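Heads up, the thing below is written out as structure tokens.
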Amino acid sequence: MGLTEKPLSTLHEKASYDLDDFEVPTGREEAWRFTPLSRLKGLHSGKAEITGRVLTQAYTPAGVTAEWVGREDARIGKAYVPADRVSAQAYNAFEKALVVTVPKEAVPAEHIRIEVRGGGTDGATYGHVVVVVEPLAEAVVVIEHQGSAVYADNIEFVVGDGATLKVVSLQDWDDDAVHVSHHHAQLAKDATFKGFAVTLGGDLVRLSPSVSYTGPGGDADLSGVYFVDAGQHLEHRLLVDHSQPHCKSNVDYRGALQGEDAHAVWIGDVIIRVEAEGTDTYELNRNLILTDGARADSVPNLEILTGEVAGAGHASASGRLDDEHIFYLQARGIPFDEARRLVIRGFLGQLIEKIQVAEIRDRVMNAVEAELAR
């Protein structure tokens, strides 16, 4: 399978299963200019030795199947074609893929849990996961990343006609971990996808969620929260590709940064193609810079190729805490440190409350509290 070109768009033109179709990035490319390549430990260049250890386990409720399959399985790569060299490297290097299937019209009583635990950074490793939600089914999936690793993977979410999938992806790595991941949701007719990314740990994490539609009526909601500490590089690069009529998408990512050389990158790309009449889309990114020495790069991009849209917009803002908010709380007897925590908690908590799984929601809020106590 060779190179695939998407016509009539200036965003994300290249897609291929073939590693040779992607040159080794130098850092001068638009897609890589914010990423410190020297900290990728060879994931981008093919020089990383595949000697790493990552254990992936799936815990499924009754009626949901989980199986390990080879790359020859027809479900692998059906929804997503790699869009950069690391993604293609991961696609060509994984040994077995995990396929989770929610059968037609099923509504499992409990959420599906996928645990990814790294065993060290002395070598790289690669993974591939496919989650299939068949027509009219509903499911919640929690993906947890922990431990230490140099890891790249692709995750495909295939959401059938009229089906609903809610995903929470938690990046809670140890301080030395490197993780480059692509999450792609393919929505069929009248399908609903809600993806929530929480990125807290790791030395360098680059997460690329994307959405495509194969029928009208699809509805995607992508939310994310990240907290960046000194020296960390946390990067989120989103793409919503509207190629079907009367579909919706909403993106809302919020981050807080503190410490020297804390670096957050958020890129939000939305394409509305000629055939996607009636599209309704909006994307938003906000960053709170809590200390000197932290940096947030935020770049929303919207490409509209049809004049028949229901709504399209984007916004981005990065700045310090609002002095008026702090003053308001202090004027009512709340000490400065507590007032600061309340404002930040409220800023991130508006999104965290959207997490469907209570135990994960509480865990994330506790993690944010721990960050604020540093």
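For segment 208-245, a residue qualifies if it is on the phi > 0 side of the Ramachandran plot and either touching a residue at least 60 places away in the same chain (Cβ under 8 Å) or open to solvent by less than 10 Å² (accessible area, probe 1.4 Å) (or both), but none of them does. Within segment 289-304, the residues that satisfy the criterion of being part of a loop (DSSP other than H, G, I, E, B) and in contact with a strand residue (DSSP E or B) (Cβ under 7 Å, 6 or more places away or on another chain) are 290, 294. Considered as a group, the residues in segment 338-374 that are of a type in the set (Val, Ile, Thr) and farther than 17 Å from residue 197 by Cα include one that is farthest from the chain's Cα centre (by Cα), and that residue is 343.
Evaluate the following for residue 286: is it part of a strand (DSSP E or B), open to solvent by 80 Å² or more (accessible area, probe 1.4 Å) and under 29 Å from residue 36 (Cβ atoms)? Here the answer is yes, as residue 286 does meet what is asked. Among residues of segment 160-174 that are outside any loop (DSSP other than H, G, I, E, B), those with a Cβ under 7 angstrom from a residue that is of a type in the set (Lys, Arg), sequence gap 6+ or separate chain, pair up as 166/194. When restricted to residues that are closer than 24 Å to residue 147 by Cβ and not in a strand (DSSP E or B), segment 66-91 contains 5. Against the list (1) modelled with pLDDT of 95 or more; (2) within 22 Å of residue 188 (Cα to Cα); (3) open to solvent by less than 60 Å² (accessible area, probe 1.4 Å), the condition residue 252 fails is (2). Could you list all residues from segment 29-51 that are closer than 16 Å to residue 267 by Cβ and not aliphatic (A, V, I, L, M)? Once the filter is applied, which keeps residues that are closer than 16 Å to residue 267 by Cβ and not aliphatic (A, V, I, L, M), segment 29-51 yields 29, 30, 32, 33, 34, 35, 36. Of all residues in segment 270-283, those satisfying the criterion of being open to solvent by less than 10 Å² (accessible area, probe 1.4 Å) and in a strand (DSSP E or B) are 270, 271, 272, 279, 281, 283.
The values are calculated or read from the model by the stated rules, or taken from the named source; none is laboratory data. Note that the structure is a prediction, hence the values are computed from the model and not measured. Every residue, glycine as well, gets a Cβ built from its backbone with ideal geometry; the counts of neighbours run over all protein chains shown. Surface accessibility is based on the protein's heavy atoms, side chains included, excluding ligands, DNA and RNA. Shrake-Rupley method; radii C 1.70, N 1.55, O 1.52, S 1.80 Å.
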